[in-house]
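First up is the structure itself, then whatever we jot down about it.
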2 protein chains.
Amino acid sequence: MLLRIEPPYLLFAGDAKDALAAKTGQGIVDWRPDRCLGQLRLAGCRADHGLPDLTVAEGAARGAKTLVIGTVGPGGVLPETWVPVLVDAVECGMDVASGLHTRLGSFPDLRAVAERHGRRLVDVRVPARDFPTGSGRRRPGKRLLTVGTDCAVGKKYTALALERALRERGVDADFRATGQTGILIAGEGVAVDAVPADFISGAVEVLAPAAADDHWDVVEGQGSLFHPSFAGVSLGLLHGAQPDAFVVCHEPTRDTMRNVPASMPSVRDVIEATCRLGRLTNPDIRCVGVAVNTVALGDDDARRSLDAVAGELALPATDPVRYGVEPLVDRLLDG
Amino acid sequence: MLLRIEPPYLLFAGDAKDALAAKTGQGIVDWRPDRCLGQLRLAGCRADHGLPDLTVAEGAARGAKTLVIGTVGPGGVLPETWVPVLVDAVECGMDVASGLHTRLGSFPDLRAVAERHGRRLVDVRVPARDFPTGSGRRRPGKRLLTVGTDCAVGKKYTALALERALRERGVDADFRATGQTGILIAGEGVAVDAVPADFISGAVEVLAPAAADDHWDVVEGQGSLFHPSFAGVSLGLLHGAQPDAFVVCHEPTRDTMRNVPASMPSVRDVIEATCRLGRLTNPDIRCVGVAVNTVALGDDDARRSLDAVAGELALPATDPVRYGVEPLVDRLLDG
């Protein structure tokens, strides 16, 4: 059993200073509106998810099962001032879920009340179980992995958009979350970057298990095979996912990789490396397109950038946020 | 600061049923005799490290700082019957170190006595600290990494033999341990397979840090880039070590990889992949030879196997156990 968050949620927006601070909560609303019962905002909160404003008691009365922290405090931590609200939620019968670095259990009051009421404090960065080492054995069902030229280029968004588009076409598809925000959105998953190194591929085998032949798991990628800090995670994830198909996510205006002095690989480099290394666990692996993050470009430049990528690689290229993922789905279901 | 075991050791051989069961202890005696004060054997022990037999009290009186468990119980666990001896050792002022899966702290009596006496229970499989993510930045000093076509092909032995041979030639060299047995031998190190996945390369940057330009760190490899269970670990280790040189360790009689159905890569495959992927953090990476584990072959076949490898790849090839590592050191220091 994976880490799992019980819906429906009362989304805690805290005293978010702007919409960006509450972007995790907004991601949940955007991708899983059916899981969101209401929002809880403190005095001074400048974010608004467009959900009914509820107190803890009101949320509990309407059946909220988990208070999900969808915002960050200053410095990315969980400020002490939020703790009384979390304690309240537990006393009203809710679990609390968080993707922040600060562990929920590090607040003695909160831990004590959760133990007393038998509620769970779910830190999604902490793997909820032990995993086996990867078997490398081919399993039924189909899997797509989003990979990147770098970190933070849109792998999670692309995977969620692919899940939605596949479902709209009647394909049985599931987003499989591998990072904290993805887990809060999906309600389950594995933070693969926190799994002990020996078990990366094994954890992904559990996350995206054997399935019906026509089922697609859309697995959220992490890092990049070309990122000197995280390539090991990316490779273990690739081998565990044993994807039939992958989409390369790319940000065309970046010169160097995120937080390190390494130069950016080309999309072609990433396709070649992913195919070469991915064949170890799936000899049929193929690239079905490129998701270009054009947020830094105007519309003309964005179109030109997509045309250049598509022309050079003879693959569909789109910006999932700006233009949707239909070209990627077309190629995926054609092949 | 890394995980560190304080010498000198009293080696605990327990009731080892044969020499193989006590091979970790023997490794310490073989490679670090200066750290070994004596051995402690229980009734029925069939292993003998050739050290003075000492009781806990005698070991303590002669200055032993750590009781090191150099053997495994049935099933690889730490049997309850050993615990009174470990408690004794702590009461006599020693730390206890273990590479077994069973955590020393899981025995309440032992944990309590260690806390009372302020002694350490060192489980070398558990990373002793947090690590930063890898920077990917090139650092001074030279590093050699042993890599493998598979797991369990002689990477640790080869690295230890290279350290010894380099020191004998007057080269300032240090073995850097990445697995539990290596850590018990070296007295310090990081079990990289237990580090959270995001920090593999960062942990190795700490393990094999910046050094004088003519200093060699000989880093113990783990897994194989071609092993579907562990390739992520191997890649993170490669990127963190940023080796100037590597030696490929190989077992020529194996058909499939250890514990998985994957076929064995060739030595040439491993050289190519290691160079291609290793260039990300060290563009000057080069292969300096092949360590062939010929234990399954007779002398004629062993010689033929080495000649075949050397001829095909135009690289020195040797079996470190049978014929030593001098050809590898020659090539390393030539280049």
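The values are calculated or read from the model by the stated rules, or taken from the named source; none is laboratory data. The structure presented is a predicted model; accordingly, all values stated were derived computationally and were not measured. With ideal geometry, Cβ positions are generated from the backbone for all residues, glycine too; neighbour counts draw on all protein chains shown.
Taken over segment B:80-95, residues that are closer than 19 Å to B:ARG4 by Cβ and not in a helix (DSSP H, G or I) amount to 3. B:ASP174 fulfils the conditions (1) under 24 Å from B:ALA97 (Cα atoms); (2) facing chain A (nearest Cβ under 10 Å) except for a single criterion, (2). Beta carbons closer than 6 Å, at least 6 apart along the sequence or on distinct chains, pair a first residue in segment A:123-141 that is more than 10 Å from chain B (Cβ to nearest Cβ) and surrounded by fewer than 13 Cβ atoms within 10 Å (Cβ to Cβ) with a second that is of a type outside the set (A, V, I, L, M) and assigned to a loop (DSSP other than H, G, I, E, B) for A:PRO140/A:ASP213. Picking from residues in segment B:242-257 that are away from every other protein chain (no Cβ under 11 Å) and in a loop (DSSP other than H, G, I, E, B), the one that is farthest from the chain's Cα centre (by Cα) is B:ASP255. Selection within segment A:120-146: residues that are in contact with a Pro (Cβ under 6 Å, 6 or more places away or on another chain) and in a loop (DSSP other than H, G, I, E, B). The member of this set that is farthest from A:GLY93 (Cα to Cα) is A:GLY136. Looking at the structure I just gave you, is A:ASP255 exposed (fewer than 15 other Cβ atoms within 10 Å of the Cβ), touching a residue at least 40 places away in the same chain (Cβ under 8 Å) and out of contact with any Lys or Arg (no Cβ under 8 Å at 6 or more places or on another chain)? In short, no. Being of a type in the set (Val, Ile, Thr), more than 23 Å from the chain's Cα centre (by Cα) and within 14 Å of chain B (Cβ to nearest Cβ) is a property that A:THR274 lacks.
Assess whether B:ASP255 counts as being modelled with pLDDT under 95 and either in the same structural domain as B:VAL309 (by TED's automatic domain parsing) or over 25 Å from B:VAL190 (Cβ atoms) (or both). The answer is yes for B:ASP255. Among the numbered conditions (1) outside any loop (DSSP other than H, G, I, E, B); (2) under 30 Å from B:GLY278 (Cβ atoms), the only one that B:GLU58 does not meet is (2). Picking from residues in segment B:261-270 that are within 14 Å of chain A (Cβ to nearest Cβ) and buried (at least 19 other Cβ atoms within 10 Å of the Cβ), the one that is farthest from B:ALA302 (Cα to Cα) is B:ALA262.
Among the listed residues A:ARG4, A:ARG46, A:ARG35, identify the single one that is touching a residue at least 40 places away in the same chain (Cβ under 8 Å), of a type outside the set (Ser, Thr, Tyr) and more than 25 Å from A:ARG111 (Cβ to Cβ). The conditions single out A:ARG35.
Figure legend. Inter-residue proximity from segment A:287-299: first residues farther than 22 Å from A:VAL329 by Cα, second residues of a type in the set (S, T, N, Q), beta-carbon distance below 9 Å, spacing 6+ or different chains. Indicated pairs: A:ALA296/A:THR253; A:LEU297/A:THR253; A:LEU297/A:SER305. For B:LEU280, are the conditions met, namely being touching a helix residue (DSSP H, G or I) at 6+ places or on another chain (Cβ under 9 Å) and within 14 Å of chain A (Cβ to nearest Cβ)? Yes, satisfied. Go through segment B:211-241 and give me each residue that's at the interface with chain A (Cβ under 10 Å from one of its Cβ atoms), in a loop (DSSP other than H, G, I, E, B) and over 15 Å from A:GLY134 (Cα atoms). Result: B:GLN222, single match.
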